[in-house]
Each structure stands twice: as structure tokens, then as C-alpha cells.
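Participant: One structure is given below, represented as C-alpha cells, and several questions about it will come after.
The values are calculated or read from the model by the stated rules, or taken from the named source; none is laboratory data. The structure displayed is predicted, hence computed values, not measured ones. Every residue, glycine among them, receives a Cβ derived from its backbone with ideal geometry; neighbour counts consider all protein chains shown. Surface areas here come from the heavy atoms of the whole protein model, side chains and all, with no ligands, DNA or RNA. Shrake-Rupley method; radii C 1.70, N 1.55, O 1.52, S 1.80 Å.
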Amino acid sequence: MALKTGSGASVPPFLVMDVIAAANALATTPAAADRRVIRMEVGQPGEGAPAGVRAAVAAAMQTTEPLGYTEALGRADLRARIAAHYIDWYDLTLPAGRIAVTSGASAGFPLAFLAAFEAGDRIALATPCYPPYLNIMTALGIQPVLLPATAETGFQPTVTMLETMDPPPDGLLIASPANPTGSMLSPDNLASLARYCHTNGIRLISDEIYHGLTYGKAAVTAASFSPSAIIINSFSKYFSMTGWRVGWMVVPDDLIRPVECLAQNFFICAPHISQTAAFAAFDCHAELQSRHAGYARSRALLLDALPRAGFDRLSPADGAFYLYADISSSLQDSSDFCRSLLHDQHIATTPGHDFDPARGGNFVRFSYCAAEADIVEAVRRLTRQ
């Protein structure tokens, strides 16, 4: 008799992880000795945690403190510091009791989905989008409802899209800046979506992990416009701490205890040492702003060079560190295109299939958070200079 497997076993892969594996394998071959692999496939800052974070962790490791379990919602001092961050960046006062420290933003999504929704509920979101949104929902029995977005809507959802849905969704997930497009909601559009959702009983989840990484546009938080929105953020991107696996949520009053109980049972707590690192990160803005300036230079270089290399239809790239390129004129599927680019030019990129099940074959994502020298070299190879 065959053994039973759960529905979660059929969740699709996160394709960028397969690209990482292929790039890693190529990097160990003799061919890469003369032509190293340029990593533009993953949203991981090329530099690690800032100096102040490393110093704080080194000091913590020299103490006799056990660095054991914290409260499930995180250390009290870190939650207070995150609340202060909302005053500093958004002029928004939030009680520290509404902050939940998580094991990366990745842990925040299942906590939000489980606390706010039932199996069978429907959550709307615009595509292209970050693929684990869909895959986590599917694994939990929640139905993602895809709203195909285009350049005309800034690759973002609109109130009009929600008004035409019958029945209305139980939730809406937004991201601004968004992965893979880098697009952003204007403050007015974000406010309209947040207020519409709150008024109509639609639970809003706002992914804000790329805040701090914008280019000429200000990022605003959905928490400024809706008391019922769930905010998810992370120390991975702006704070350059991907592997530390620490993030946070701003949780509405009615979900604080449910999120705490779920966190107790699923994760116990975020790693203590990572919480120590996160607290120190808020004192590292000077170094982090310098890195942001480097991303801006890489972005400008690519916006100039990619059209000359044949990538003349690009996403807005208002924030984050991605460019989403339409490659339909190449007459190649994006998976084949990325495979050829990796093996011919030793440049790793991500096929659009990861972000848009229907249209992704026509798109490729370029990440530009690698070292600036790597972006310069990628441009040289792409334009054959």
C-alpha cells in the first residue's frame, strides 16, 4: 500500500534557489576560473551585516549570558526599538506591544495567514509577485487569487480591481517596493487600498521588507492608514542581514495574542543572537546609507546599459534592487534564456516563471545588490564592451 503524502508535498519549488544551485555548480568548474560567475539571481546584498552589528555580536559572545529563549514575540528592548523606528521613519507612534519579532520575514507570512484566515479563504495579490506568497498560501489551504498587473497599473493592484471581484476576497497582499519589479504604490494609492480593505472587511497584509531602498520616491507604511493591516518587514534587505533570519511584524490588536500563540508553537522565538544583532543594526544607518548609494549607482548603470544590450522594456525600478525585463522579443522562454546567459556569459539571473505563472516565460529578473564591480563587469559582458 502506498504511503500517504500531504497536499504540501506538491508545493512548487522556489526557482531562484535552483538557479543558485546551478550558479554554485558552475562556479566550481574550470571554466569559472577564468570567468567568474556574476550573481544577479538573488536578492542578497553583496556585503554582509554592517560593522556595528558584527561588533555587537562579538561582544555578546564574550559574555556569560546564555543567549537562550526569549519571549515568543521577541526581546522587549528590540520590540521597543522597532516601535521607535516607526517614529523615526514614518512619524507614526505604535505601541511596542504590537510588534512581533520573527525568524525572518519568511516566518511572518505563515503567522499572518494562520492568524487571520481559514483554509479555503481567498487572498488577492497582483502578479508578478514573490513566489513564496503563493506557495505558502497553497500549503496552508488558502486560495491565492491572482490579479495580473501591468505597467499601466505600475505592476500594482488597484481599488478598481478589488471592486470588480465577486465575491470580494478575504484578504489582499501588497508589496511596495515589490519583488520582482521594484514598483511602488504612491502614498495616495496605498492609502486608498488600505482604507478600502479596512472598510470592507478585507484583511490587508503589507510586505514592506524593501523599505529604505527607494530611488526618488518615499516609502510609506500601510500602518499609517489602517489599524487592521498586518505589516511584515525584515532585517535582510536594507539592513543587509539575510542569513541572520530576523524580521518583524506590526500586528493589529485583535491578532496579537493569536500570533503570539502561533509563534510559541511554531518557532518558540527568533534566534537570540540575531535579535542582539538586529538591535545594533538601528545604529548603523550611516554605513547602510552608503550601501544604498552603491545600489543607486548600480541601478543607474543598468538602466543605461540594459536597453543597449537589447533589454529595452524594463519595470519601473522605483525601489528594492531588481529590474524586471521583458525578453519576449528574443523568442526564448525565460528559463532557456537564463540558462544560456549563465553558461554563455556566466551571469546568473532568475526566470520570470518564478514570479508569474501565466506570463513569466517572457520576463527575466536582474538583481543589482551585488558588489558594484560585479555589476560593472556584468554590463561589460552584456554589451560586449
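Participant: Restricting to the range 187-212, name every residue that is under 30 Å from Val364 (Cβ atoms), out of contact with any Ser or Thr (no Cβ under 9 Å at 6 or more places or on another chain) and surrounded by fewer than 24 Cβ atoms within 10 Å (Cβ to Cβ).
Facilitator: Gly212
Participant: Just to be sure I understand the filter: pairs with C-beta atoms under 9 Å, separated by 6 or more residues or on different chains, first member in the range 307-322 and without any contact (Cβ under 8 Å) to a residue 12 or more places away in the chain and of a type outside the set (A, V, I, L, M, F, W, C), second member open to solvent by 50 Å² or more (accessible area, probe 1.4 Å) and in a loop (DSSP other than H, G, I, E, B). Which pairs pass?
Facilitator: What qualifies is Pro307/Arg313.
Participant: Taking the stated definitions as given, is Val159 open to solvent by 30 Å² or more (accessible area, probe 1.4 Å), farther than 20 Å from Tyr130 by Cα, touching a residue at least 12 places away in the same chain (Cβ under 8 Å) and of a type in the set (Val, Ile, Thr)? Quick ask: steps written out before the conclusion?
Facilitator: Values: open to solvent by 30 Å² or more (accessible area, probe 1.4 Å): yes; farther than 20 Å from Tyr130 by Cα: yes; touching a residue at least 12 places away in the same chain (Cβ under 8 Å): yes; of a type in the set (Val, Ile, Thr): yes.
It is true that Val159 is open to solvent by 30 Å² or more (accessible area, probe 1.4 Å), farther than 20 Å from Tyr130 by Cα, touching a residue at least 12 places away in the same chain (Cβ under 8 Å) and of a type in the set (Val, Ile, Thr).
Participant: If I go through the range 71-93 residue by residue, how many of them are surrounded by 19 or more Cβ atoms within 10 Å (Cβ to Cβ) and either among the β-branched types (Val, Ile, Thr) or assigned to a loop (DSSP other than H, G, I, E, B) (or both)?
Facilitator: 4
Participant: Hey, another quick one. So which residues in the range 131-149 are in contact with a strand residue (DSSP E or B) (Cβ under 7 Å, 6 or more places away or on another chain) and either among the hydrophobic types (A, V, I, L, M, F, W, C) or surrounded by 22 or more Cβ atoms within 10 Å (Cβ to Cβ) (or both)?
Facilitator: If the condition is that a residue be in contact with a strand residue (DSSP E or B) (Cβ under 7 Å, 6 or more places away or on another chain) and either among the hydrophobic types (A, V, I, L, M, F, W, C) or surrounded by 22 or more Cβ atoms within 10 Å (Cβ to Cβ) (or both), then Leu134, Met137, Ile142, Val145, Leu146, Leu147, Ala149 are the ones that fit.
Participant: Looking at the range 6-22, I want the residues that are under 16 Å from Val37 (Cβ atoms) and have a partner that is hydroxyl-bearing (Ser, Thr, Tyr) with Cβ atoms under 9 Å, at least 6 apart or on another chain. Which pairs are those?
Facilitator: Val16/Thr350; Val19/Thr349; Val19/Thr350
Per-residue answers, yes or no, for (1) assigned to a helix (DSSP H, G or I); (2) within 22 Å of the chain's Cα centre (by Cα); (3) not hydrophobic (A, V, I, L, M, F, W, C):
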| position | (1), (2), (3) |
| --- | --- |
| Arg297 | yes, yes, yes |
| Asp304 | yes, no, yes |
| Pro316 | no, yes, yes |
| Tyr324 | no, yes, yes |
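Participant: Report yes if some residue within the range 7-21 is assigned to a helix (DSSP H, G or I) and modelled with pLDDT of 85 or more; otherwise report no.
Facilitator: Here is the first cut: in the range 7-21, the residues assigned to a helix (DSSP H, G or I) are 7-10, 15-21.
Now narrow it down to the ones that are modelled with pLDDT of 85 or more: 21.
Looking through the range 7-21, at least one residue is assigned to a helix (DSSP H, G or I) and modelled with pLDDT of 85 or more.
Participant: Something else now. Quick check, is Ser240 buried (at least 19 other Cβ atoms within 10 Å of the Cβ) and free of Cβ contacts under 8 Å to residues at least 40 places away in the same chain?
Facilitator: Values: buried (at least 19 other Cβ atoms within 10 Å of the Cβ): yes; free of Cβ contacts under 8 Å to residues at least 40 places away in the same chain: no.
Against the criterion (buried (at least 19 other Cβ atoms within 10 Å of the Cβ) and free of Cβ contacts under 8 Å to residues at least 40 places away in the same chain), Ser240 does not qualify.
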